[in-house]
Amino acid sequence: MARYVTVGSISARPTPPLSDKQARLQEAERLATRVARMGADIVVFPEVYLNLDAPIEDWPQLAEPASGPSTSYMAEVAKRHHMYVLWPLIQREGDYLYNSLLLIDRRGEVQGAYHKMFPTIGEIQAGVRPGVEATVLSTDFGQIGMAICFDLNFRPVMEGLHHNGAEIVFFSSMYRGGLQVQAWAQEFNYYIVTAIGAELGQIVDMSGRVLAESTYEAHNVLRLNLDRRVLHMDYNWDKTDDILAKYGTGVRFDFFTREAKFAIASEMPDRSVDEIITEFGLEPLDAYMLRAYQARDRALREGAS
């Protein structure tokens, strides 16, 4: 069944000074309100947004618990607009310090947290503890994953999010990510929404194409269909006409011929894309890649005997 969500991201540096945390929170509220009025179901902010520009050696003194004052403030914003907020935090949890991204739900409750798995060397030297899990959390529209800045360089994060079922990955960062974002989206076939402490935040398709990019306006807002799968053309390409003959505009195809892939989505209220894949015997991408590995292994074993 068509499963739409409108995602939003903020890509900008806070304009109030670091010393005026209340003004920074009010600016975050204004930006979240803007994207909420544009229909966003969820909004993500850049890494350590409230404390951006603070020297890293000051992070231990700036840390808050997940139930701290800035989270409580943004929880009220989430509740008022009935939207999810992904709020970045220098988080104190017992004796540990984390660079975190909290998921605040539509009721204004903290539903979960992701701890940056690959802090920079400087962060670790300042006391930031690495996270150990490529966290994927459930929302009322689908499964979301998170990554923070330097994480983007490390396969265990991005591959782990894929294996844990992420449909959208929200990337909260100080740097833009660039081609790395597109490459991971294309390889693992999830949407990536970036929130950058500068301009050029992006919403990237599961094919790796950039769908939206912010500049002076500081925000991206876009409606996405999560009932969509990317498949390889091999063994699937010849079935598209039969699918169209039965469902017509109830399905949508997007073709990425340079990569020999295509996406199929259900636009129907009563038929999911996975049901269509099963009905017409289409082969999922991961299954096809596994079958190719197995064929290679068999050929090597047979050649050695």
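Readers should treat all values here as calculations from the given coordinates under stated rules, not as data from a laboratory. Owing to the predicted nature of the structure, the values given are computational and were not obtained by experimental measurement. Cβ coordinates were reconstructed from backbone atoms using ideal geometry, including for glycine residues, and neighbour counts include every protein chain displayed.
Fully extending the segment from MET289 to LEU200 would add 28.7 nm, taking 0.36 nm per residue of separation and subtracting the current Cα-Cα distance.
Full extension of the chain between VAL210 and GLU29 yields a length gain of 62.5 nm, computed as 0.36 nm times the residue separation minus the alpha carbon distance. Spatially close Lys pairs in the chain, defined by Cα atoms under 30 Å apart and a spacing of eight or more places or different chains, total 5. Under the convention that each Lys and Arg Cβ holds +1 and each Asp and Glu Cβ holds -1, the size of the dipole of the range 236-287 around its Cα centre is about 180 debye.
Within 10 Å of each candidate Cβ there may be at most 15 other Cβ atoms; applying that plus a DSSP loop requirement, which chymotrypsin sites (Phe, Trp or Tyr not before Pro) in the range 221-305 survive?
Details: sites: TYR235, TRP237, TYR247, PHE253, PHE255, PHE256, PHE262, PHE280, TYR288, TYR293; in loops: TYR235, PHE280.
For chymotrypsin sites (Phe, Trp or Tyr not before Pro) across the range 221-305 that sit outside H, G, I, E and B with at most 15 neighbouring Cβ atoms in 10 Å, the list reads TYR235, PHE280.
Overall, the chain carries a charge dipole of about 280 debye about its Cα centre when +1 sits on the Cβ of Lys and Arg and -1 on the Cβ of Asp and Glu, all other atoms neutral. Take the Cα of ALA299, step 7 Å toward its Cβ, do the same at ARG13, and the gap between the two points is 5.4 nm. Among the GluC sites (Glu not before Pro) in the range 55-158, which ones are in a DSSP loop with at most 11 other Cβ atoms within 10 Å of the Cβ? Mind listing them? For GluC sites (Glu not before Pro) across the range 55-158 that sit outside H, G, I, E and B with at most 11 neighbouring Cβ atoms in 10 Å, the list reads GLU109, GLU133. Residues TRP184, TRP87, TRP59, ranked from the fewest to the most other C-beta atoms within 10 Å, line up as TRP59, TRP184, TRP87.
The C-alpha atoms of the chain define a longest principal axis, and helix 179-188 lies at about 50 degrees to it.
Of ARG3, ARG176, ARG80, the sequence from fewest to most neighbouring Cβ atoms within 10 angstrom is ARG80, ARG3, ARG176. In this simple spin-label approximation, GLU217 and GLN111 carry label points 7 Å from Cα along the Cα→Cβ vector, and these lie 2.6 nm apart. Under 14 Å from a label point set 7 Å out along the Cα-to-Cβ vector of THR278, the amide N atoms of the range 1-40 belong to 1.
What whole-number distance in Å separates the alpha-carbon centres of the range 80-142 and the range 209-278? Between the Cα centres of the range 80-142 and the range 209-278 lies a distance of 31 Å.
The residues neighbouring VAL48, those whose beta-carbon lies less than 13 Å from its own, together hold a net charge of -1 under the Lys/Arg +1, Asp/Glu -1 convention. Exposure proxy shown here: for LYS261, LYS246, LYS239, the number of other Cβ atoms within 10 Å sets the order, fewest to most, as LYS246, LYS239, LYS261.
Considering only TYR49, PRO16, TRP184, the residue lying farthest towards the positive end of the dipole of the chain is PRO16, judged by Cα position with unit charges set on Cβ. Between 0 and 90 degrees, the angle of helix 69-81 with respect to the longest Cα principal axis of the chain falls at about 50 degrees. Our estimate of slack between HIS163 and ASP238, defined as 0.36 nm per intervening residue step minus the Cα-Cα distance, is 24.1 nm.
Taking Cα pairs under 8 Å and at least six residues apart, what relative contact order does the range 4-225 come out at, in percent? Provide the component values of the computation, followed by the final result.
Details: 532 pairs, mean separation 48.4, N = 222.
RCO, the range 4-225: 22 percent.
When +1 charges are put on Lys and Arg Cβ atoms and -1 charges on Asp and Glu Cβ atoms, the dipole computed for the range 1-129 relative to its Cα centre reaches about 580 debye. Legend: P(r) of the chain from all alpha carbon pair distances, 10 Å bins from 0, whole percents, reading 6, 27, 32, 20, 11, 4, 1, 0. Loop-located GluC sites (Glu not before Pro) in the range 188-271 (DSSP state other than H, G, I, E, B) with a sparse environment of at most 16 neighbouring Cβ atoms within 10 Å: GLU199, GLU217.
Relative to the longest principal axis of the Cα atoms of the chain, the long axis of helix 21-37 lies at roughly 30 degrees.
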